[in-house]
Structure formats: structure tokens, C-alpha cells
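The next block holds one structure in the form of C-alpha cells; read it before the comments.
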Amino acid sequence: MKKIYFLLFTLISFAAFSQTTVFVNELHYDNASTDIDEAVEIAGPAGTDLTSWTIVKYNGSNNLQYGTENLSGTISDQQAGYGTLNFLVSSFQNGSPDAIALVNDSGVVVQFLSYEGVITAADGPANGMTSTDIGVAETSSTPVGHSLQLVGTGDTYEEFTWATTMANTNGAINTGQTFSASNTPTLTITAPSDGAVFNPGTSSVTLSISVQNFVVDQTPGNGGTGDGHIHWTIDSGSGDVAQPMKFDANDESIPVTDGGSYFIIMELVDNDHNPIGVTAFVGFDVSSATQVADIAALRADVLLNGTGMFYELMNSPTVTYVRPPANRNQKYIQDGSAGILIDDNNDIITTTFAIGDGMSGLIGQTSEFNGVLQFVPLADASVVAGATITPEVVTIATLLTSWEDYESELIQINDAFFTEAGGSFATSTNYTLNDPSFLQGGGGSSMTFRTNFAEVDYIGQPIPVGNVPVVALVLEFGGAPQVTARSLTDVTLTVDSFESTNFNIYPNPVSNGIVNITSISNEAITIAIFDILGKQVISETLSHSNLNISSLNTGIYIMKITQNGNTITKKLVVR
């Protein structure tokens with residue numbers, strides 16, 4: 001599309017020269033006696049910066065340039081948003097004929113005007129161009145202080161005419177000249193914006209226009225009384241296709257397809273279908289979504305191409321958690337390959353989903369927030385039967401080094417325990433979650449469990465005591481992994497009667513060096529006690545209820561108790 005834009009812009013710019021808004025407004029090149037105060041005046045919209053614009057002078061005797069005058073300065077508002085700037089020049093040749101080219105800061109010839117005849121430039125910026133004779137001239141009898149000037153009313157060169165010599169008005173509005181934009185037809189495409197990119201799934205784009213100082217109507221033969229109508233074309237990749245002539249300024253609906261590029265040209269024409277030199281254009285694209293087989297394929301493509309791309313998931317992932325609509329309408333989904341977070345702050349998905357539902361028809365764009373890859377939906381999805389998601393069992397050590405592989409997935413950490421066991425869960429709080437490798441002196445096998453969801457049922461509930469298989473979603477914050485649970489069930493799956501009714505430890509805290517451990521079972525109890533660094537300091541099998549811990553210093557310890565194949569972990573405080 002960029003090449004097409006450039007080509008059409010070039011052609012449109014050339015066609016639009018008949019509406020010249022920055023132009024030569026006054027000229028003096030000859031007078032009685034010695035030529036003095038030779039000058040050229042430029043007129044245009046207020047605020048126009050003439051820096052790097054030039055006047056290139058051409059000799060009619062050989063059609064070659066003979067000098068360049070550099071322009072500068074910004075045009076001020078002298079009347080109705082327009083003004084003039086006057087420039088004294090080193091010398092102008094006295095015609096029969098000679099010419100000047102007004103060249104803009106991009107090197108494009110805006111005007112090629114001649115006096116006392118016509119020339120065709122043989123070099124320089126106007127090379128090959130034929131001049132336009134202004135139709136009036138100065139002579140060796142022209143009074144000093146006089147010039148040739150444009151007169152009339154308007155705001156473009158074409159609306160004024162050259163008058164014979166009169167007293168100069170250098171740097172001011174000419175005698176007999178009035179700047180007024182009210183009579184200049186304009187055509188503006190107000191929507192879409194040029195270069196706009198629409199999301200996949202867009203089936204139509206609304207084209208809106210604004211027409212000023214020109215009445216768009218049917219042709220007189222069909223009862224119209226306006227100034228003319230609109231001719232327009234659409235190029236969708238196969239060249240310009242003429243559209244039905246437009247006899248109003250109402251919106252148009254443009255059918256589009258994914259992956260398409262479109263370029264629209266519109267022009268005002270009179271009632272005889274002749275262009276009046278007022279043209280507008282706009283180019284836009286419609287993105288297409290890359291189809292991916294599953295979430296893992298989506299993630300792989302993001303690693304290759306970055307976020308911001310559009311995707312269509314061809315399978316039906318299962319919903320593993322649904323947040324309330326007020327929480328950005330977020331949902332966690334997972335298939336057999338990976339998981340991802342749906343971030344739906346604009347409530348695009350209006351269908352109600354529950355944990356375990358399959359989600360079909362997902363199309364959206366990827367983004368990233370705090371290191372977490374997100375899927376931002378572009379359309380609603382539908383409920384289908386969901387696949388059973390069995391949380392993959394992983395260790396904390398694995399998550400600490402490879403959490404990206406499990407991001408937004410439902411996982412399970414076996415035999416996990418909380419350092420803060422016995423307290424209560426609070427919202428937006430970090431807790432330390434450990435697994436058995438912590439008790440082997442390995443260090444580092446602990447990670448952050450964050451209460452990331454304020455809506456869950458375990459907020460305010462006791463933090464489980466003992467070893468439990470924690471089911472959690474894998475999060476990321478600040479470049480480090482975190483996990484969080486969806487419900488109380490996720491963190492209390494094995495807190496059973498062994499812990500709550502058949503087992504007791506007292507006193508705790510301990511100050512006399514003896515802790516009593518009782519159980520309704522008569523089977524042997526194996527005790528292992530670890531310090532806070534994970535070093536085992538006591539290992540003993542009890543045949544009675546008393547355990548001597550007098551060798552322990554004051555502090556906090558972890559007590560691992562095993563009986564009949566059941567294991568729990570307790571915090572032990574020694575004073």
C-alpha cells in the first residue's frame with residue numbers, strides 16, 4: 001500500500017495544481033531609468049513557512065536558469081487567514097520573454113510563470129515545463145514604485161487576475177485584492193483517517209465526507225440545482241474501480257475483507273462532469289488474523305514476531321478461571337498445550353462462561369502487561385463442551401527457572417506448605433510457599449504465593465497447616481514467577497481428619513524442652529524437625545507422646561510428622 005499511496009499522491013498533487021494556495025502575488029522587474037527595488041511577493045495561508053522555498057529565474061533567450069533567490073519567513077494573517085511576504089531580488093531580466101519558477105521546500109515547482117511570452121525550461125527544477133504567461137508586462141517607461149499585481153477576491157491563485165502596473169503594495173494586500181476563503185470549494189474525507197488499520201473481522205468501513213462552498217446535487221437534467229456532484233473510485237488491489245456518481249454528501253458504507261488494502265479518490269465535478277480541481281483521497285487497510293492450532297502455537301508466534309499481532313484460535317480451550325466483569329472481564333483458558341490470560345476490558349465477550357466450559361471462536365490481538373502475555377478479544381466467543389484440564393504437577397524449583405513455560409496455566413505443587421501457616425489470608429498479600437526440596441537443605445525451593453484475586457473464598461480464612469497439594473495459576477510480576485489459587489479447595493485438598501481431629505501438638509510455643517505429640521492411632525510417629533534454613537536438626541521415631549527438644553535454640557522450626565503414610569507439617573516455636 002505504501003507504494004500505491006505515494007504514486008497516487010503524486011498524481012493527485014499534480015492534478016491539484018489548478019488550486020494553488022501559495023503563489024506569486026506581485027512582481028516588479030522593469031521601470032524607467034535604472035531598475036530599482038525589483039521584487040517578488042508571495043501570498044498564502046497564514047502560518048506558511050517559506051524557509052527553503054526558492055524563486056528560480058529563467059532566461060527566455062536560451063531557456064536556462066540564470067539565478068536563484070532564497071525565500072524565508074512565515075506568512076502572517078493579514079486578512080481572513082491569508083497574508084503576503086515580499087522579497088527584494090538581486091535582479092530580474094526584462095523579458096521578451098523571461099520566467100520565474102516558485103519551488104517549494106520539497107523541490108516541487110508550484111508555479112512556472114513568465115512575462116512577455118512563453119518559454120519551455122531546459123534545465124533546473126522546471127526542466128521540460130512550459131510556462132504560463134501572466135498576460136501583463138512592465139516596460140522601460142513603468143514608473144518607479146509600481147508593479148504588476150493580482151486583483152480580485154478569493155484564496156487561490158486561480159481566483160485572481162493580473163492587473164496592469166499600479167503603485168506597489170510590497171508586503172501588503174494588493175490594491176483591489178480581497179482574501180476570502182468563503183467562496184472556495186473544499187472536499188474533505190473526515191473518516192476513515194488516512195493510513196487507518198482496521199481489526200480483522202471488519203466487514204464494512206464508513207466513509208464520511210465534508211463539502212464546503214459547493215452544493216452537491218443531481219445534474220440539472222435530473223432536477224438538480226446545485227454546483228455539481230462527486231466522481232469517485234476505489235482501488236482494492238486491482239486498479240481504480242469507478243463508483244456510482246455521488247449526488248449527496250451522505251456517508252457511504254465500503255464493504256471490506258480481512259487482509260485488504262483500499263485507496264479511495266474523490267473529486268468535485270461541475271454539472272458537465274468536468275473536474276474543478278478539488279480532490280480528496282484516503283487509504284486504509286484491514287488486518288487479517290493468523291490462524292493457530294492451539295495456544296502453544298500462538299505463544300511461539302509471539303516469540304517470533306512480538307505482540308500486537310492478530311490471531312484466530314482454531315481449537316476450543318477450556319476455561320480454568322473466570323474473574324468478575326469488574327476485573328477487566330478476565331478469563332484464564334488452557335488447552336493441552338499451554339494457557340493464556342484473556343484481558344477483556346472492553347467487555348467484547350458477552351457470553352457467560354464458567355470454569356470447565358470450552359470457548360470456541362476466539363479471535364483477538366496479543367498484548368503484554370507486567371510480563372504476562374494477554375489475549376485481547378475482538379469478538380464474542382461461544383460455549384462448547386470443555387476438555388478436562390488436569391493440573392500438571394511441577395516443583396517450585398522448576399517454576400523458578402522455567403515459569404514462562406507454565407504462564408497462566410493451572411499447575412499443582414505436591415506436598416507444599418506455607419511458611420505463614422496458621423495465619424489468615426489477606427488480599428493483595430505475598431506469602432511464602434515451599435515444597436519438600438526446601439527441607440532437603442537445597443534452598444531456593446520456595447516462591448511467592450500471592451492473593452491476587454480479591455473475590456476468592458479463601459480471603460480471611462486460615463492459611464493451611466501441613467503439606468498440601470496446592471493447585472494454582474502461574475503468574476508473573478517484576479520478572480519473577482508467582483502463583484495464586486482460585487478457591488479454598490485449591491489449597492486444602494488434603495487437610496483431612498488426620499490433621500484436624502486425630503492429631504495434636506502441645507504446648508506450642510514450647511518453653512520447657514518437651515513437646516507432646518498425640519494421635520488416636522497407636523502406630524509409630526516419625527518426627528523430623530528443620531530450622532528455617534532447611535537443615536534437619538532432629539530425626540526421631542516416637543513410641544510415646546513426649547519429644548525432647550531441649551537441644552534446640554530459641555526460634556522457629558518446621559516439624560514434619562509422618563504416621564500411617566500420612567504426612568503433615570507444623571510450625572514449632574521454641575522459647
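Taken along the Cα-to-beta-carbon direction at a fixed 7 Å, the label points for residue 130 and residue 564 span 11.1 nm. Expressed as a whole percent, the proportion of Cα-Cα pairs in the range 497-574 lying more than 14 Å apart is 58%. Note on residue 506 and residue 68: the model spin-label points, each 7 Å out from Cα along the C-beta direction, lie 10.1 nm apart.
Applying 0.36 nm per residue to the separation of residue 400 and residue 379 and subtracting their alpha-carbon distance, the gain on full extension is 4.0 nm. Computed from the C-beta positions of residue 236 and residue 455, the FRET efficiency with R₀ = 51 Å rounds to 0.60. For the range 20-179, pairs of C-alpha atoms spaced more than 18 angstrom apart make up 55 percent of the total.
Charge tally for residue 208 (other residues, Cβ to Cβ under 10 Å; Lys, Arg +1; Asp, Glu -1): -2.
Note: relative contact order over the chain, using C-alpha pairs below 8 Å and six or more positions apart, is 7 percent.
Using 0.36 nm per residue and subtracting the Cα-Cα separation, the extra length available between residue 345 and residue 46 on full extension is 103.2 nm. Scaled against the 2.2 N^0.38 Å expected of a compact globular protein of N residues, the Cα radius of gyration of the range 94-155 reads 1.26.
Fewest neighbouring Cβ atoms within 10 Å first, the residues 341, 298, 400 line up as 400, 341, 298. For the range 259-332 versus the range 518-575, the spacing of their alpha-carbon centroids is 61 Å. The reciprocal of the average 1/r between distinct C-alpha atoms defines the Kirkwood hydrodynamic radius, which for the range 290-384 equals 13.0 Å. Compute the long axis of helix 2-15 from its Cα atoms, compare it with the longest principal axis of the Cα atoms of the chain, and write down the angle in degrees, 0 to 90, nearest 10. Long axis of 2-15 versus the principal axis of the chain: about 20 degrees.
Scaled against the 2.2 N^0.38 Å expected of a compact globular protein of N residues, the Cα radius of gyration of the range 273-338 reads 1.89. Which entry is the computed semi-axes √(5λ) of the Cα gyration tensor in Å for this structure: [x] 85, 28, 18; [y] 40, 29, 25; [z] 48, 35, 21? Step by step, semi-axes √(5λ) of the Cα gyration tensor in Å for this structure corresponds to label [x]. Using only side-chain charges placed at the Cβ, +1 for Lys and Arg and -1 for Asp and Glu, the dipole size of the range 20-179 relative to its Cα centre rounds to 80 debye. Principal-axis analysis of the Cα atoms of the chain puts helix 295-305 at an angle of about 50° to the longest axis. Evaluating 6.51 cos²θ - 1.76 cosθ + 1.60 at θ = phi - 60° for every residue in the range 393-399, the Karplus couplings come out as 7, 9, 9, 4, 4, 5, 5 Hz, glycine and proline recorded as x.
The sum of -39500 (n - 2.57) across all DSSP H runs of n ≥ 4, divided by the residue count of the chain, sets its helix-only mean residue ellipticity at 222 nm to -2000 deg cm²/dmol. Express the relative contact order of the range 379-441 as a whole percentage, based on alpha carbon pairs under 8 Å and six or more residues apart in sequence. Over the range 379-441, the number comes to 30 percent.
The share of Cα pairs per 10 Å bin across the range 392-491, counted from zero up to the longest distance, runs 17, 55, 27, 1 percent.
Each Cα pair under 8 Å and six or more residues apart adds its separation to the average, and for the range 392-491 the resulting relative contact order is 32 percent.
Using every pair of separate Cα atoms, the Kirkwood estimate puts the hydrodynamic radius of the range 209-252 at 11.6 angstrom. Simple point charges give the picture: +1 on the Cβ of Lys and Arg, -1 on the Cβ of Asp and Glu, and for the chain a dipole about the Cα centre of about 2900 debye. The residues neighbouring residue 178, those whose beta-carbon lies less than 13 Å from its own, together hold a net charge of -2 under the Lys/Arg +1, Asp/Glu -1 convention. Under 5 Å between amide hydrogens, which residues at least 5 positions from residue 142 or on another chain qualify, with H placed 1.01 Å from N in the peptide plane? Here 32 satisfy the definition.
3J(HN,Hα) along the range 94-107: 8, x, 6, x, 9, 8, 9, 10, 8, 10, 7, 6, 9, x Hz, from the Karplus curve 6.51 cos²θ - 1.76 cosθ + 1.60 with θ = phi - 60°, whole Hz, x for Gly and Pro. For the pair residue 521 and residue 487, label points projected 7 Å from Cα toward Cβ lie 2.9 nm apart. A simple rule links phi to the HN-Hα coupling: the Karplus curve 6.51 cos²θ - 1.76 cosθ + 1.60 with θ = phi - 60°, which for the range 251-265 gives 5, 10, 9, 9, x, 9, 10, 4, x, x, 10, 9, 9, 10, 10 Hz, with x for Gly and Pro.
Working value for the range 330-409: equivalent-ellipsoid semi-axes of 24, 17, 8 Å, each the square root of 5 times a Cα gyration tensor eigenvalue, largest first. Residues of the range 281-310 falling in the label zone of residue 197, defined by backbone nitrogen less than 13 Å from a point 7 Å along Cα to beta-carbon, are 284-290, 306-310. Amide H contacts for residue 330 (H built 1.01 Å from N in the peptide plane; partners 5 or more residues away or on another chain; cut-off under 5 Å): 323, 344. A straight line joining the Cα centroids of the range 114-173 and the range 51-79 runs 13 Å.
The amide H of residue 309, built 1.01 Å from its N in the peptide plane, has 366 as neighbours under 5 Å, considering only residues 5 or more places off or on other chains.
Every read-out reported here was derived from the displayed coordinates using simple, explicitly stated rules and does not represent laboratory data. Not measured: the values here are computed from a predicted model. Ideal geometry is used to build each Cβ from the backbone, glycine not excepted, and the neighbour counts take in all protein chains shown.
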